[in-house]
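Right, one structure below, let's go through it.
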Amino acid sequence: MLMGEAQKYIPQGGEVSRFIIGGADLMFPGISVPVEGLPSFLAGETWAVKVPGNPAPIAVGATTMSSTEALKAGLRGKALRITHHYHDILWESVEGRYVPNAGFFEDVVFEDPALLQSGQASDSCEGSTDVSNGQRNGDDNIEVGENVDVTDVFDEANHASSSSKQIDVDNATAEEIIGGVGDLKVTDNVLSEDLNVQHTLSTEDVDALLDKCLLQALHTTIKDKDLPMPGSTLWANHVLPCRPSGITLDIKKSSHKKLSKWLQAKSSIGLISVKEDKYKKEVMLLSVNRNNVEYSSFKPEKRQVEKNDQISDHAANESRSNKVLDVAEIYKPSVHVNPIFASVGANTGNLYSASEATDIVFKYVEKENLVKPTDRSIVVLDPILCDALFKGAIKKGSRYPTEIHKKDLGAAFISRMQPHHIVTRGGESVVRKGALKAIQILTERRQGNKKVTKLSGMESFLIDAEALASELQKKFACSTSVTELPGKKGHEVLVQGGVIDDLAKHLIEQYGIPKRYIEVLDKTRR
């Protein structure tokens, strides 16, 4: 992958590499900074990413801001937008690919044990740069080399890997290699000449382990209030943390091959309910059937929360980019349905997901024995349930229904509740009344046949107007401004030029805004 010139960022410890290999961008908190501070760099420069003590790059990306802007931001936020990393689709597509050295595992990269055993520091993989110029920060050897071509970086790393001899790693050395990384273990002498020999599980073992981790997560960390949940969030935040220590869990090694197919298989047996989100193009976990036989027969393990797990969780949160967005519809009981909630002992002041609200009304049906004896798919309406569903909605003179089909009951009940929505981005979450309003993008002509593009409603998705205006100014190389809308309805960002399509694409790709929540109107098109 040719990307012009590159320098090197080095993440702190191998644990950060898990998130880079998992597809996350590199955040400033995950970088070891030299004692003299960051070197000077501009936004958009190409850099290579390395783990301390390992000369082979694990990823390549472009800086999101200049060194001056980074210092003003307190070295927080996204540092590098990753474009290519170890074990991504491009890496997998190359014939004859090989792992650079023994520090590269399936989903994490640590120090090269060959260098660790020989007592060497992190060697430079640049042909002309002297490693003695590197600066040390704590236990990490920090290198800030000269500008080099990224292909040279990978060529040097590959050459170093191909000339490596057989490596024997005993228990003591393995502990040094993985020091501070939880329970991860390295088996004696598993690293051989091809540097890619690891203890692997059979397809059947991987399938069984996947199911066990999912059930463990459903019992311990996944709450109904968290649903619906993107499949990627389910995998990264719930399934993977439930795997046994020292075990690599790779969905591609299972019989399902893909996360979506695995979740759909679990849905087909009634354990969970999933749906493909055509806008986000990923599977969503909608609900969990806690009455399912697999769920009820599973006994979850009690796991001690280790300090390293907490550190990893923090690093995972830091590594998520601004485009991680979750939007969920929730509902509050109204005067119409309050008697139903009160009857089953549910709090009328709480907010409920659609599945939780549906469970409430079916609890009432079960409690009052309202299922029709001659047809189990029909619910007979008693006065309380009939009023909850239809009082005030039936025209005067019309007769009230006496029964309702089970498949229609949930939707009818939810329609009588007060709609709310919750928007979550990173660690920030906001609950608001009503349905979520879309972002509006409008292009129109001004004097002199000049085009301007207006954008409003971004605050609903937890996007700061001032920060967005500054970002768009650099992206489109044009002037931008921010004005406050009347009536405290947020702000409007004005961008010089007709960039309506590019702006919509930017919001989708960089901020994760679903396409259905973007309204565009180009008044300049005839």
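Against the numbered list (1) farther than 22 Å from residue 24 by Cα; (2) modelled with pLDDT of 80 or more; (3) surrounded by 15 or more Cβ atoms within 10 Å (Cβ to Cβ), residue 251 comes up short only at (1). Scanning the stretch 492-507 for residues that are surrounded by 17 or more Cβ atoms within 10 Å (Cβ to Cβ) and in a helix (DSSP H, G or I) gives 500, 503, 504, 506, 507. Test residue 260 against the stated conditions and say whether it is modelled with pLDDT of 85 or more and more than 20 Å from residue 324 (Cβ to Cβ). It is false that residue 260 is modelled with pLDDT of 85 or more and more than 20 Å from residue 324 (Cβ to Cβ).
The residues of the stretch 270-304 that are open to solvent by less than 100 Å² (accessible area, probe 1.4 Å), under 20 Å from residue 223 (Cα atoms) and either modelled with pLDDT under 85 or of a type in the set (A, V, I, L, M) (or both), listed by number, are 271, 272, 274, 283, 284, 285, 286, 288, 301. Of the residues in the stretch 459-485, how many are assigned to a helix (DSSP H, G or I) and touching a residue at least 40 places away in the same chain (Cβ under 8 Å)? Number of matching residues: 2.
Residues of the stretch 421-434 that are touching a residue at least 40 places away in the same chain (Cβ under 8 Å) and outside any strand (DSSP E or B): 426, 427.
Every residue, every condition in (1) at pLDDT below 80; (2) in a loop (DSSP other than H, G, I, E, B), yes or no:
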site	(1), (2)
37	yes, yes
43	no, yes
48	no, no
69	no, no
87	no, yes
97	yes, yes
102	no, yes
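If I ask for residues that are out of contact with any Asp or Glu (no Cβ under 9 Å at 6 or more places or on another chain) and assigned to a helix (DSSP H, G or I), which ones from the stretch 373-409 would you list? Listed by number, the residues that qualify are 383, 386, 387, 388, 389, 390, 406, 407, 408, 409. Among the residues that make up the stretch 184-201, is at least one of them at pLDDT 75 or above and among the polar types (S, T, N, Q)? No, the stretch 184-201 has no match at all. Quick check on residue 406: is it charged (D, E, K, R), more than 23 Å from the chain's Cα centre (by Cα) and more than 29 Å from residue 359 (Cβ to Cβ)? When the stated conditions are applied, residue 406 does not pass them.
Reported count of residues in the stretch 511-520, each being surrounded by fewer than 18 Cβ atoms within 10 Å (Cβ to Cβ) and either within 22 Å of residue 471 (Cα to Cα) or touching a Gly at 6+ places or on another chain (Cβ under 9 Å) (or both), is 4. Within this structure, residue 418 passes the test of being touching a Lys or Arg at 6+ places or on another chain (Cβ under 6 Å) and open to solvent by 70 Å² or more (accessible area, probe 1.4 Å).
Return the residue satisfying two criteria in turn: it lies in the stretch 435-454 and is in a strand (DSSP E or B) and of a type in the set (D, E, K, R), and of such residues it is most open to solvent (accessible area, probe 1.4 Å). Outline the logic, then answer.
Our first condition is that a residue be in a strand (DSSP E or B); within the stretch 435-454, this holds for 439-445, 451-454.
Subset that is of a type in the set (D, E, K, R): 444-445, 451, 454.
Values: 444: 35, 445: 99, 451: 76, 454: 45 Å².
Filtering first and then ranking leaves 445.
Number of residues in the stretch 38-64 that are in contact with a strand residue (DSSP E or B) (Cβ under 8 Å, 6 or more places away or on another chain) and open to solvent by 20 Å² or more (accessible area, probe 1.4 Å) equals 8. Filtering the stretch 381-397 to residues that are open to solvent by 40 Å² or more (accessible area, probe 1.4 Å), among the aliphatic types (A, V, I, L, M) and within 44 Å of the chain's Cα centre (by Cα) leaves 384, 393. Based on what the data block shows, is residue 412 open to solvent by less than 70 Å² (accessible area, probe 1.4 Å), within 25 Å of residue 354 (Cα to Cα), over 29 Å from the mean Cα position of the chain (by Cα) and at pLDDT 85 or above? Criteria met by residue 412. Restricting attention to the stretch 93-102 and to residues that are surrounded by 10 or more Cβ atoms within 10 Å (Cβ to Cβ) and of a type outside the set (Phe, Trp, Tyr), the residue that is farthest from residue 55 (Cα to Cα) turns out to be 97.
Report the residue count in the stretch 38-66 for those that are within 14 Å of residue 86 (Cβ to Cβ) and of a type outside the set (D, E, K, R).
Keep residues of the stretch 38-66 that are within 14 Å of residue 86 (Cβ to Cβ), which gives 48-51, 54-61.
Of the ones still in play, those that are also of a type outside the set (D, E, K, R) are 48-49, 51, 54-61.
Number of matching residues: 11.
The values are calculated or read from the model by the stated rules, or taken from the named source; none is laboratory data. Source: prediction; values computed, not measured. Methodologically, a virtual Cβ is constructed for each residue, glycine included, from the backbone with ideal geometry; neighbour enumeration extends over all protein chains shown. Note: areas computed on protein heavy atoms with side chains; ligands, DNA, RNA excluded. Shrake-Rupley method; radii C 1.70, N 1.55, O 1.52, S 1.80 Å.
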